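The values are calculated or read from the model by the stated rules, or taken from the named source; none is laboratory data. The model shown is predicted, which means the values in this text are computed figures rather than measured ones. Cβ sites come from the backbone with ideal geometry, for glycine too, and all protein chains shown count toward neighbours. For accessibility, only protein heavy atoms count, side chains too; no ligands or nucleic acids. Shrake-Rupley method; radii C 1.70, N 1.55, O 1.52, S 1.80 Å.
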Amino acid sequence: MICAISGEVPEEPVLSKNSGLLFERRLIERYIEDHGRCPVTKDELTMNDLVAVKTNRIAKPRPLQVASVPGLLGMFQNEWDALMLSNFALEQQLHTARQELSHALYQHDAACRVIARLKKERDESRTLLAQAERQIPISAAGPAPVAITNGKRALEDEVGPDGKKMRPGINPVMIDELTECNSMLSAQRKKRQVPPSLAPIDALERYTQISSHPLHKTNKPGILSIDIDHSKDIIATGGIDTNAVIFDRPSGQVLGTLTGHSKKITSLKFVPRDELLITGSADKTVRIWQGSKDGSYSCRHTLKDHGAEVEAVTVHATQKYFVTASRDNTWCFYDISTGSCLTQVGEASGQDGYTAAAFHPDGLILGTGTSEAVVKIWDVKSQTNVAKFDGHVGAVTAMSFSENGYFLATAALDGVKLWDLRKLRNFRTLSPYDPDTPTSSVEFDFSGNYLAVAGADIRVYQVANVKSEWNLVKTLPDLSGTGKATCVKFGTDAKYVAVGSMDRNLRIFGLPGEEQMEEAPQSPAK
């Protein structure tokens, strides 16, 4: 009998029920503790799958070479010679690895210099081209002027040699701005403490529905997206009825209903700095709405750069730029002030495009989810794909970065996966629902202490580290009767949770009795 791990006769043999392999007990138990699977077949294996094999203990005879002093000396000499040869081989391998590393670093440095030079030449060429176009006189009998879109004469309407629209790109000034924002937010994060006003765990355990507001139309029920302007405690909802509704939570009143999209609104985001709201829709357009002092909103820009449904909108930390992701397998980077598309990033591969997107809190990383169950991480400055995460089943429905900057949560048909961005690996999977029930939404609160998951119900978890367990704090029922909670957002300091479902009601969960303003009369039905 030989151990399948050590290749030696085991002192305490055990047998695997699944594979029939023989192991040394102490070796296989340690391997199961670390990996949870068979070291040979790679199938799942537990301690309960091991059966002890009873054998007679036999004293092993002493080898002939250790029976005398000359034999021992010869054995030691052989071991020393083998050690010296192994050490020499390791030194040779180390020298070779150092040479290869030096060569790779030299090539990388040379490539970076070439790229920088080419970018500089490209920018100079664009400048010269723009100057030349301004100097060319426009003939009176020439073609009609180029139509003005989004308030400017669009370079975006010009078509390049590859048949795609030409974009101005993210210039060096913008990149410096993004980098400066990243440095500032990273430094602030290291000093940030958990706010004392954050709702404690025992408070979340007592959360219940404190109000329900019918904001959308009865004939086309369903809220697909929620966002909260924490500075004013205003909630925006986007529905299947093609409308976005602005709701003032403290007063319980509807401030406005935004109409203009022709199909369902799939995503929306506030830009508090400029009192803007950005909506993305299945009608392939994105609209930027400008708020006024009286609480009303008017459409400022209508963006038509995508060729399929817009599935996600995410705003950069500077609140000067935003990104939209679409089923046409591209994502666009926009300047909020002008409504112009600076760059549109697309890929030749893929079938149904992007279904989710989110900026990292520091702003230099963008995450996207696809209908092919792939999560992609992008470098915003270079617009290059720097990492891919596989493992989900079904389209990625939602994603959220933790404020600590280390964790990414993604939702799909198989539940929620948590990714460690430092090691680029999945360290935990939450499967709150049965395999046929997709997880529709996932959201970290601003402090990074809680994670909310929405699907057949709403579940709030306490955020821990990579090795510790993420405990379920509270399960909130889906009171819509549809069994489909579609979106969830934390209020300021997690003092309440806003939930949208496949009916027309916005529901607020919190501590009963503490929010008297929520008892105001419900908004009139649409």
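Points worth noting:
- Residue in region 178-200 that is most open to solvent (accessible area, probe 1.4 Å), counting only those that are part of a loop (DSSP other than H, G, I, E, B) and of a type in the set (A, V, I, L, M, F, W, C): Val194
- Residue check for Lys495: closer than 19 Å to Ser197 by Cα and either of a type in the set (Lys, Arg) or open to solvent by 30 Å² or more (accessible area, probe 1.4 Å) (or both): yes
- Residue match in region 424-445 (condition: among the polar types (S, T, N, Q), open to solvent by 20 Å² or more (accessible area, probe 1.4 Å), in contact (Cβ under 8 Å) with a residue 40 or more places away in the chain and under 19 Å from Leu198 (Cβ atoms)): no
- Within region 267-311, the set of residues being assigned to a loop (DSSP other than H, G, I, E, B) and closer than 22 Å to Asp229 by Cα comprises Glu275, Ser292, Lys293, Asp294, Gly295, Ser296.
- Qualifying residue in region 213-236 (condition: farther than 29 Å from Gly346 by Cβ, open to solvent by less than 20 Å² (accessible area, probe 1.4 Å), more than 26 Å from the chain's Cα centre (by Cα) and hydrophobic (A, V, I, L, M, F, W, C)): yes
- The single condition among (1) open to solvent by 20 Å² or more (accessible area, probe 1.4 Å); (2) touching a strand residue (DSSP E or B) at 6+ places or on another chain (Cβ under 7 Å); (3) farther than 29 Å from Arg300 by Cβ that Thr410 does not satisfy is (1).
- Residue in region 327-336 that is open to solvent by 50 Å² or more (accessible area, probe 1.4 Å) and touching a helix residue (DSSP H, G or I) at 6+ places or on another chain (Cβ under 9 Å) present: no
- Being at pLDDT 90 or above, surrounded by fewer than 21 Cβ atoms within 10 Å (Cβ to Cβ) and assigned to a strand (DSSP E or B) is a property that does not hold for Phe509.
- One residue from Ile170, Ile201, Ile148 being at pLDDT 85 or above and either under 30 Å from Asp305 (Cα atoms) or in contact with a Gly (Cβ under 8 Å, 6 or more places away or on another chain) (or both): Ile170
- Of all residues in region 237-264, those being of a type in the set (Val, Ile, Thr) and assigned to a loop (DSSP other than H, G, I, E, B) number 3.
- Residues located in region 378-403, provided they are open to solvent by 40 Å² or more (accessible area, probe 1.4 Å) and either at pLDDT 95 or above or touching a Lys or Arg at 6+ places or on another chain (Cβ under 7 Å) (or both): Asn385, Lys388, Gly391
- All conditions but one from (1) open to solvent by less than 40 Å² (accessible area, probe 1.4 Å); (2) over 20 Å from Val393 (Cβ atoms) apply to Trp419; the one that does not is (2).
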